[in-house]
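Following: one structure in structure tokens, then a few remarks.
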Amino acid sequence: MLFVLLMIATCLKSGHAQSLFYSSRVETLYKFVNDLQALDSIDNNDTLLQCHGLVEDEVVPIRICKDENGIVDHIGYCFMSDSLRIVNKSVVQFIERELLAIIVTTDAETALRSDLENGLVIKFDGNPISHSLLQDKKKLCSLLKESDGVTVNRMNNNYDILIHCLNGQILSFLFPADCRLISGMDKIEQEMRLGFQLKNHIANETDSSLLSPNESFLQFLKDGVYYEKGEDFSIPQINSDLFYVKRDSVFCLVLDTSMVAMSFSNVMLVPLEMQFTFDVKHRMYGSVEQEYTINSRDFNDYFSQGYDRFFGIESLESENLSGTLMLYNRDEEFVHLVYVTTTKEDLFNGGRMSLELYSYIPQHNIKTLFGNE
């Protein structure tokens with residue numbers, strides 16, 4: 001995997017024209033379309049192409065996404081408007097990718113068997129989809145082209161996506177909220193992508209709205225301190241509670257040497273003006289380790305979309321402040337677990353923090369880390 005990362009970095013620096021990929025599945029689908037389009041020259045992060053030739057006498061709308069590093073991150077059959085794709089983006093991209101796979105496959109029976117093995121069930125008008133419909137690419141394209149809406153249902157840890165097609169017919173996709181299935185990547189590919197993107201990410205503008213609490217939810221704690229009760233994660237000690245003090249009629253996040261625990265929690269849960277240097281040790285599958293340094297602003301921005309944060313204090317010794325940060329992705333039901341250590345001096349002066357990162361832990365495995373409490 002380290003060889004792959006080095007190859008990506010080398011190609012990017014040299015301006016290599018051939019497109020690069022994190023996912024072998026995305027690369028395979030891309031090559032089907034690349035026979036018909038000069039895709040490698042596309043620079044935009046998100047591009048919609050109208051492809052001729054994939055299906056006889058049909059124009060197939062193909063969505064291609066490149067990340068900020070110019071690496072192809074997604075390709076799929078575009079079946080819904082941009083405004084609707086913003087919500088449940090990873091789930092929508094999964095369906096787009098599966099639809100494209102159906103369009104380009106010549107072996108519908110094997111594809112259907114593979115879907116079932118992976119936990120995906122495709123239905124048409126409430127019944128398991130037939131091999132004949134999977135093979136009838138023109139009919140599939142016609143159904144999707146005339147679709148007039150999409151319904152996303154989440155039932156516990158399962159999705160039921162309904163595409164409302166021509167004449168009231170419904171094409172549905174039922175599958176578990178599983179990060180391997182939804183991302184189309186194995187764990188090695190997922191972690192390679194995360195590590196490369198994270199250490200190369202450049203933050204957007206800080207969202208100042210995150211710094212202002214909803215005063216109606218604030219509760220008085222003690223000594224002029226208020227808190228906004230968040231959620232607990234597996235155990236009460238790891239939560240998303242935020243702490244405030246009132247200064248000149250304005251509520252400000254606690255960041256004070258007399259309140260170390262509250263300050264530590266606030267810093268790890270909410271992007272602040274103060275910036276830190278994060279020394280990350282990313283422990284990956286197969287005993288692989290990567291070490292890189294990233295600015296806290298870039299780190300916070302990368303995880304600002306699609307993740308809920310939770311934090312718990314482990315130790316408050318002056319030279320050894322430590323805690324556990326949970327970055328929880330609800331759409332795909334996984335957690336990035338981060339052990340954080342720093343000192344009191346670094347905490348209050350924008351210094352360094354050490355982060356030990358374990359990525360893509362399935363949510364149902366998390367309780368074992370806390371003794372099933």
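The values are calculated or read from the model by the stated rules, or taken from the named source; none is laboratory data. Just so we're clear, the structure is a prediction, and the values are computed from it rather than from any experiment. Using ideal geometry, Cβ is built from the backbone for each residue, glycine included, and neighbour counts are taken over all protein chains shown.
Of everything in the stretch 124-170, what is in contact with a helix residue (DSSP H, G or I) (Cβ under 8 Å, 6 or more places away or on another chain) and in a strand (DSSP E or B)? Give them in sequence order.
The answer is Phe124, Val150, Val152, Tyr159, Ile161, Ile163.
So which of Asn167, Asn200, Asn204 ends up being under 24 Å from the mean Cα position of the chain (by Cα), at pLDDT below 90, more than 21 Å from Asn266 (Cβ to Cβ) and not small (Gly, Ala, Ser)?
So the residue among Asn167, Asn200, Asn204 that is under 24 Å from the mean Cα position of the chain (by Cα), at pLDDT below 90, more than 21 Å from Asn266 (Cβ to Cβ) and not small (Gly, Ala, Ser) is Asn204.
If a residue must be within 20 Å of Leu143 (Cα to Cα), modelled with pLDDT of 85 or more and in a helix (DSSP H, G or I), how many such residues does the stretch 109-123 contain?
Here the count works out to 0.
If you go through the stretch 283-304 one residue at a time, how many are among the charged types (D, E, K, R) and in contact (Cβ under 8 Å) with a residue 40 or more places away in the chain? Walk me through it before giving the result.
If we filter the stretch 283-304 for residues that are among the charged types (D, E, K, R), which is where we start, we get 283, 289, 291, 297-298, 301.
Among the residues that remain, those that are also in contact (Cβ under 8 Å) with a residue 40 or more places away in the chain are: 283, 297-298, 301.
Looking only at that region, the number is 4.
If you check Ser147, Ser130, Ser183, Ser142, which single one turns out to be crowded, with 20+ Cβ neighbours inside 10 Å and either polar (S, T, N, Q) or touching a Pro at 6+ places or on another chain (Cβ under 7 Å) (or both)?
Numbers: Ser147 fails: crowded, with 20+ Cβ neighbours inside 10 Å; Ser130 fails: crowded, with 20+ Cβ neighbours inside 10 Å; Ser142 fails: crowded, with 20+ Cβ neighbours inside 10 Å.
Of the residues listed, the single one that is crowded, with 20+ Cβ neighbours inside 10 Å and either polar (S, T, N, Q) or touching a Pro at 6+ places or on another chain (Cβ under 7 Å) (or both) is Ser183.
For Asn320, which of the numbered conditions (1) over 23 Å from the mean Cα position of the chain (by Cα); (2) buried (at least 19 other Cβ atoms within 10 Å of the Cβ) fails to hold?
(2)
Look through Ser354, Ser359, Ser287 and report the one residue that is small (Gly, Ala, Ser) and out of contact with any Asp or Glu (no Cβ under 8 Å at 6 or more places or on another chain). Steps first, please.
Numbers: Ser354 fails: out of contact with any Asp or Glu (no Cβ under 8 Å at 6 or more places or on another chain); Ser359 fails: out of contact with any Asp or Glu (no Cβ under 8 Å at 6 or more places or on another chain).
On inspection, the qualifying residue turns out to be Ser287.
Scan the stretch 222-239 for residues that are loosely packed, with under 14 Cβ neighbours inside 10 Å, over 26 Å from the mean Cα position of the chain (by Cα) and assigned to a strand (DSSP E or B) and jot them down.
Lys222
Can you tell me which residue within the stretch 86-108, out of those that are in a helix (DSSP H, G or I) and of a type in the set (Val, Ile, Thr), is farthest from His164 (Cα to Cα)? Working first, answer last.
Pass one, the stretch 86-108, residues in a helix (DSSP H, G or I): 89-104, 108.
Those left that are additionally of a type in the set (Val, Ile, Thr): 91-92, 95, 102-104.
Values: Val91: 17, Val92: 14, Ile95: 14, Ile102: 18, Ile103: 18, Val104: 22 Å.
This residue is Val104.
Determine which single condition Val33 fails, assuming it passes every other condition in (1) in a helix (DSSP H, G or I); (2) more than 11 Å from Leu100 (Cα to Cα); (3) modelled with pLDDT of 85 or more.
Every listed condition holds for Val33 apart from (2).
For (1) over 22 Å from Leu347 (Cβ atoms); (2) surrounded by 17 or more Cβ atoms within 10 Å (Cβ to Cβ), each residue gets a yes or a no:
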site: Asn214; (1), (2): yes, no
site: Leu242; (1), (2): no, yes
site: Val267; (1), (2): no, yes
site: Thr277; (1), (2): no, no
site: Asp308; (1), (2): yes, no
site: Glu314; (1), (2): no, no
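If the Cβ limit is 9 Å and pairs must be 6+ apart or interchain, which residue in the stretch 92-117 that is in the same structural domain as Cys65 (by TED's automatic domain parsing) pairs with which residue that is basic (Lys, Arg) and modelled with pLDDT of 90 or more?
Listed by first residue and then by second, the contacts come to Gln93/Arg63; Glu96/Arg63; Arg97/Arg25; Leu100/Arg63; Ala101/Arg25; Ile102/Lys137; Ile103/Lys137; Val104/Lys137.
Please go through the stretch 309-339 and give me each residue that is of a type in the set (Ser, Thr, Tyr) and in contact with a Leu (Cβ under 9 Å, 6 or more places away or on another chain), ordered by number.
Residues satisfying the conditions are Ser315, Ser322, Thr324, Tyr339.
Select, from Asp178, Asp148, Asp160, Asp125, the only residue that is touching a Leu at 6+ places or on another chain (Cβ under 7 Å) and in contact (Cβ under 8 Å) with a residue 12 or more places away in the chain.
Just a single option satisfies the conditions, and that option is Asp160.
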